[in-house]
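Encoded as structure tokens, the structure appears first; notes follow it.
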Amino acid sequence: MVGLGNPGRRYEATRHNVGFAVVEQLAARWGIGWQSSRFEALLAWRGSGAEKVLLAKPQTYMNCSGRAVAALCRYYRLEPQRLLVVCDDFQLPLGRLRFRPGGSSGGQKGLADVLLHLGTQQVPRLRVGVGPLPEGEDPARFVLARFAKSEQPAAERMIRLAAQAVEDWLNRGMQYCMNRYNGLRPLENNDSPPPEPSA
């Protein structure tokens, strides 16, 4: 799975880098480290054989993410439908998660570049809410800014919940995650998981 963001200290902890933050959370949970690669991405591996899971952070900058993702998919013979792209979405309020099995980029330029390079819109994705965009605010300036101090606790809870959601995607699949997470209101005071979806 791929978390989208921008490399470098300048962009750490910005709204646009929540994709990086989610896969970093997973790597920390799993006790695995990051290493450079020839694919313009930092990689971290969990497991082996058929149970092997790859985490990736493209180092091409957000708007060119597709170059690294396509190279990884070609080398590891990974079908786009088996990939999960985690990215920010300023059209969703802070704390909201939204899984989709495919569709357009919705204006997220990193995701758009991934879809372009893979030649399909059938790429599973998890959008992580960083909005709403204030009225009159430039979208690019907004997503490249860090969370306000008052937002940071909610952002941290959201990232932990998104990492849990990714684990559910790995173990339970897309439909389960859509049922469980897409209608979930932002968590206000704790990290309690959402209830199991009804059968």
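A crude spin-label estimate for the pair residue 32 and residue 175, with each label 7 Å from Cα along the Cβ direction, gives 2.7 nm. Overall, the chain carries a charge dipole of about 400 debye about its Cα centre when +1 sits on the Cβ of Lys and Arg and -1 on the Cβ of Asp and Glu, all other atoms neutral. Note that the chain shows a convex hull volume over its alpha carbon atoms of 122 Å³ per residue.
Cross-link reach is defined here as a Cα-Cα straight distance under 28 Å, omitting same-chain residues fewer than 8 places apart; for residue 149 the lysines meeting it are 57, 109. The mean sequence distance of close C-alpha pairs (under 8 Å, at least 6 residues apart), as a share of the length of the chain, puts its relative contact order at 23 percent.
222 nm [θ] for the chain, helices only, -39500 (n - 2.57) per DSSP H run of 4+, per residue, to 500? Estimated from H runs of four or more residues: -10500 deg cm²/dmol. Of all DSSP-defined beta bridges confined to the chain, some 60% are antiparallel rather than parallel.
Taking every full run of DSSP H in the chain, the ones that stretch at least 20 Å from end to end by Cα along their long axis and average -1.0 or higher on the Kyte-Doolittle scale are 152-172.
Under 19 Å from a label point set 7 Å out along the Cα-to-Cβ vector of residue 104, the amide N atoms of the stretch 63-88 belong to 87-88.
Only the coordinates and a few stated rules stand behind these numbers; no lab work does. Note that the coordinates shown come from a computational prediction; the quantities given were computed from them, not determined experimentally. Glycine also receives a Cβ, built like all others from the backbone with ideal geometry; neighbour counts cover every protein chain displayed.
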